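Structure record follows, encoded as structure tokens.
Laboratory data are not the source of any read-out in this text; all were calculated from the coordinates shown. Small disclaimer: the values here were computed from a predicted structure and weren't measured. Here the Cβ positions follow ideal geometry from the backbone for every residue, glycine too, while neighbour counts run over all protein chains shown.
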Amino acid sequence: MHGKLDFEIEPVDIVLICGDIIPLTYQRNNNLSKLWLEEDFIPWCNDLPCERVFLIAGNHDFYLERKPDEVKELFDKEEKITYLNCEFAEHNGLTIYGTPLCHIFYNWAFMIPDEDQDKIYDEEVKTGKKIDILMSHDAPYGVSDVLLQKDCPWATGEHIGNKPLARFIEQVVPKINLHGHLHSTNHEKEMHGDTEVYNVSLLDENYRMVYNPQYFEI
């Protein structure tokens, strides 16, 4: 989204937002990011035609990484909005898990070494919880992770997804994995084992809003 809120959605049960929320012009400024969340984003979420909003951070959301306690306090006050930072949530019998973690690519937020991601996901596997909806910012390696935008200079045709995330999906087998991060990969369904994987980014690599919100029934 990168701060773009000028679109509409149809009435739904839940809205799932897979990171990179903060506007690009505010992303490295904690005070402006917090103010935008309070004055723009949270009111926008509360006005959405849905019962609940679930969201995770992305690699451009520095404030959400730098001030986790402050962010938790900010969202805990909201009955309609649930922020997940490597956490589970429940809604109407569905188990949702949200992770902002990305594999390391330059110096962005929520990027940690693969071995550290594996440790986090291994602990989640030990809980034995069955995940229905996996919200991730990164794409799993080998699935929905090849950039297709022809005028994008870093679109090499190679797989550039997240290997720990792919391993996590293989272990917990969620029904569906929704991701952002790689704007211009295939937005149609791809399969990672028995898990449906979708890119739900609204923007292309030039930060133009060219994709529509996606709708799913589980």
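For this structure, a couple of remarks:
- Shape call, region 1-125: gyration tensor on alpha carbons, a/c limit 1.5: oblate
- For the chain, the fraction of alpha-carbon pairs lying more than 28 Å apart is 23 percent, rounded to a whole number.
- Of the trypsin sites (Lys or Arg not before Pro) found in region 127-218, those in coil by DSSP whose Cβ has at most 13 other Cβ atoms within 10 Å are 129, 130, 150, 189, 208.
- Burial ordering of 145, 122, fewest other beta-carbon atoms within 10 Å first: 122, 145
- Filtered chymotrypsin sites (Phe, Trp or Tyr not before Pro), region 1-101: DSSP coil and at most 12 other beta carbons within 10 Å: 7
- Trypsin sites (Lys or Arg not before Pro) lying in DSSP loop within region 40-118, provided at most 12 other Cβ fall within 10 Å: 77
- Spatially proximal lysines relative to residue 80 (Cα-Cα < 26 Å; intrachain offsets below 8 disregarded): 4, 34, 67, 72, 129, 130, 175
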